[in-house]
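A short write-up of the structure that comes next.
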Amino acid sequence: MKKFTDLTLEQYLDELASAEPVPGGGSVSAYAASLAMGLSQMVARISLKRKKKAGLSPEEEKKDAEKRATIEKILNSLETIKKDAFQIVNLDPQVYQEVMAVWGDEKKQDDALKNSFRLQADLSLLIVMANEWNTNLAHLVQGSIKNDLLVSAALLEGSFRGAYHTAMINTRYMKDIHQKQVAEKALDELKVRFEKGHGGVHQGS
């Protein structure tokens, strides 16, 4: 299968706008999430590059060092999950085609739907984590650069809703009732966690 992450952004947009079913919403959600995480990383790196204020007291020096260490930790954590999210840009079209290939075979169909569900549920979790780190980062950085965190937060909200609904649509076609209930419960828990952590980035905060 074509590796969509190897395409330029313009090529990806052309593929997306075509009459082909892939890439679709699941792939786009992963792409948007990756962009959001990258934007938050930019904010973190710019903040770390800024010079420390002169004349800090020992206590202020300690607090500044702790703040920088926390930003560095967030930066590295975002790098890990950004790579995972970006891979889903390719994986989502693949699992979609696997579902279509076995459609009508009840057992194989449920297994394929479970895999498709899990991929977008995993993406949802990555987005939840990024959202929480984004909120933490907002309390640690200052200046106009915080506006980029607002953009990141908006992208994360859109990508979470996309991943959530793409995962949910798979559960609607599951024949195994227990599997369906477990999947829906997991999604509901992720939604609650996302909504609890969302809204922590505000203009001027």
What number of residues in segment 53-93 are over 30 Å from Phe4 (Cβ atoms) and either in a helix (DSSP H, G or I) or at pLDDT 95 or above (or both)? 16
Within segment 139-167, can you find the residues that are surrounded by 18 or more Cβ atoms within 10 Å (Cβ to Cβ) and of a type in the set (A, V, I, L, M, F, W, C)? Val141, Leu149, Ala153, Leu155, Leu156, Phe160, Ala163, Ala167
Candidates Ser29, Ser47, filtered to the one that is in a helix (DSSP H, G or I), among the hydroxyl-bearing types (Ser, Thr, Tyr) and more than 14 Å from Leu123 (Cβ to Cβ): Ser47
Single residue of segment 126-138 satisfying the filter (out of contact with any Ser or Thr (no Cβ under 8 Å at 6 or more places or on another chain) and not aliphatic (A, V, I, L, M)) that is surrounded by the most Cβ atoms within 10 Å (Cβ to Cβ): Asn131
Set Tyr164, Tyr173: member being closer than 23 Å to Ser27 by Cα, under 19 Å from the mean Cα position of the chain (by Cα) and aromatic (Phe, Trp, Tyr): Tyr164
Reported set for segment 34-82 where residues are touching a Phe, Trp or Tyr at 6+ places or on another chain (Cβ under 8 Å) and either within 30 Å of Glu15 (Cβ to Cβ) or of a type in the set (A, V, I, L, M) (or both) is Ser34, Ser40, Ile74, Leu78
Check off (1) more than 29 Å from Asp188 (Cα to Cα); (2) assigned to a helix (DSSP H, G or I); (3) β-branched (Val, Ile, Thr); (4) over 20 Å from the mean Cα position of the chain (by Cα) for Val99 and give me the number that stays unchecked. (1)
If Ala19 satisfies every condition in (1) in a loop (DSSP other than H, G, I, E, B); (2) touching a residue at least 24 places away in the same chain (Cβ under 8 Å); (3) over 23 Å from Met168 (Cβ atoms) but one, which is the exception? (2)
Could you give every pair whose Cβ atoms fall below 7 Å, whose first residue belongs to segment 145-158 and is charged (D, E, K, R), and whose second residue is not in a helix (DSSP H, G or I), counting only separations of at least 6 or pairs across chains? Glu157/His198
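Here are some residues: Lys114, Lys107. Which one is farther than 25 Å from Glu72 by Cβ, modelled with pLDDT under 95, part of a helix (DSSP H, G or I) and not aromatic (Phe, Trp, Tyr)?
Result of the check over Lys114, Lys107: Lys107.
The values are calculated or read from the model by the stated rules, or taken from the named source; none is laboratory data. No experiment lies behind these values; they were computed from the predicted model shown. Note that we place each Cβ from the backbone using ideal geometry, even for glycine, and neighbour counts take in every protein chain shown.
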